[in-house]
Amino acid sequence: MLRPDDAALAGLSTPCLVVDGDALRRNVDKMAALARVAGVKLRPHAKTHKSPEIASRQIKAGAIGIACATISEAEMLAEARIPGLLLTSPVMSAGAFARMAKLNREHGLMAVVDHAMQVEALAAALQSGDPPFGVLVDVDVGQARTGIVGIADGVRLAQMIAEQPKLKLMGVQGFAGNAQHIPDSAERTAASQSVADKLAKLRDALSSKGLSPSIISGSGTGTQNVDANGPYTELQVGSYVFMDADYDRIRDERNEPLPFEPSLFVLATVISVNRPGEVTVDADTKALATNGPAPVILLGAPSGTRYRFAGDEHGIVSIPEGQLSPQLGARILIGATHCDPTVNLHAFYHEVADAALTRWPILGRYGAYDTEAAS
């Protein structure tokens, strides 16, 4: 287990993002093994780590490709020669479709759509001689965010895609982020089954029209154990590489935690110790995302210690009665709140593996990689 007093961390300025490289490797290998046993493919989500380094490790472990939430993520991974990219969010701007067409031309890309206007705009962006563009129908499976709502709507959109000579209908996507974080195993399984039922109905409806989907993509870390049994052909798991406070609350059918380890932390320094029973650290909303539960793991502080947000720069660490408080200047490793947006707040990972420190950039965070701005 990584410790805040590891010699490898001694020279780092705080707050900074730290990765337990050994735990990260075990998480990547474990998910790959689970998928192999279940006979389902993996297309892990880059929105969690935003890093070609981690994407490369996932591919080497057996993933068929990487899912991307933004075009910038796809461009970043394409430049790193990561194969099998799928853009999982519908877009609607001429510039976006031009970038997608360029990506497909030079590297290969699939994308989702949920409206006829997107189909027309994507087809219009493709140039003569471009390879066919693989398209999936995005399905609203309960999150009420994007996707077609009814089965008939999905069939009509799929037929429109199939009629476009420049496009190739690849399948359907149904991502249920709303199901991933339900703590109770039975309730989470029921939510997952509802999603699977809708996707299976659309699959069958498409098959009856001669449009049988070769890809059914979706799922996530919280429901992967259920979704591996179908109807998915691939799983868009993401947070398993890091885990966070939200996933810490989830239990499986045996009331056990998910089989992945926390590997992502923010290293903070105690900067004030003047109040009894609590200390102040230099990591708060600029270092930790706030759209999740408060951190539950604080390494370098007594068991039962609690963290609370207190402003842009300052977090408060409450020490249980009778326990010694960390001293001024002490280091604490704070577990991630919501791992995806926490990563987006930082420019670099600091990975500790085999007692060695390696730093690599987080290239896919917002604003860090934008070909339009660079051109």
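Being surrounded by 14 or more Cβ atoms within 10 Å (Cβ to Cβ) and more than 28 Å from residue 25 (Cα to Cα) narrows it down to one of 321, 351, 313, so name that one.
After applying the criteria, what remains is 313.
Could you identify the single residue in 211, 235, 199 that is in contact (Cβ under 8 Å) with a residue 12 or more places away in the chain, assigned by TED's automatic domain parsing to the domain that holds residue 136 and over 30 Å from residue 341 (Cα atoms)?
211
Take the residues of region 12-24 that are assigned to a loop (DSSP other than H, G, I, E, B) and touching a residue at least 12 places away in the same chain (Cβ under 8 Å): which is farthest from the chain's Cα centre (by Cα)?
12
Within 28 Å of residue 289 (Cα to Cα), polar (S, T, N, Q) and in contact with an Asp or Glu (Cβ under 9 Å, 6 or more places away or on another chain): is that true of residue 56 in this structure?
So residue 56 fails the test.
Yes/no matrix, rows are residues, columns are (1) surrounded by fewer than 23 Cβ atoms within 10 Å (Cβ to Cβ); (2) touching a helix residue (DSSP H, G or I) at 6+ places or on another chain (Cβ under 8 Å); (3) acidic (Asp, Glu); (4) in the same structural domain as residue 97 (by TED's automatic domain parsing):
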{"position": "112", "(1), (2), (3), (4)": "no, no, no, yes"}
{"position": "126", "(1), (2), (3), (4)": "yes, yes, no, yes"}
{"position": "136", "(1), (2), (3), (4)": "no, no, no, yes"}
{"position": "150", "(1), (2), (3), (4)": "yes, no, no, yes"}
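Being touching a His at 6+ places or on another chain (Cβ under 6 Å) and surrounded by 17 or more Cβ atoms within 10 Å (Cβ to Cβ) is the filter; apply it to region 263-310 and report the residue that is nearest to residue 183 (Cα to Cα).
The selected residue is 292.
Read through the list (1) modelled with pLDDT of 95 or more; (2) out of contact with any His (no Cβ under 8 Å at 6 or more places or on another chain), then give the number of the only condition that residue 93 fails.
Condition (1) is where residue 93 drops out.
Restricting to region 138-164, and then to whatever is part of a loop (DSSP other than H, G, I, E, B) and of a type in the set (A, V, I, L, M, F, W, C), can you tell me which residue is farthest from residue 179 (Cα to Cα)?
That would be 149.
If you check residue 258 against the conditions, is it crowded, with 24+ Cβ neighbours inside 10 Å and either touching a residue at least 12 places away in the same chain (Cβ under 8 Å) or not basic (Lys, Arg) (or both)?
no
Taking residue 142, is it within 21 Å of residue 214 (Cα to Cα) and within 27 Å of the chain's Cα centre (by Cα)?
No, not satisfied.
Among the listed residues 209, 168, 201, which satisfies the condition of being of a type in the set (D, E, K, R) and closer than 22 Å to residue 131 by Cα?
Just a single option satisfies the conditions, and that option is 168.
The values are calculated or read from the model by the stated rules, or taken from the named source; none is laboratory data. The model shown is predicted, which means the values in this text are computed figures rather than measured ones. Glycine also receives a Cβ, built like all others from the backbone with ideal geometry; neighbour counts cover every protein chain displayed.
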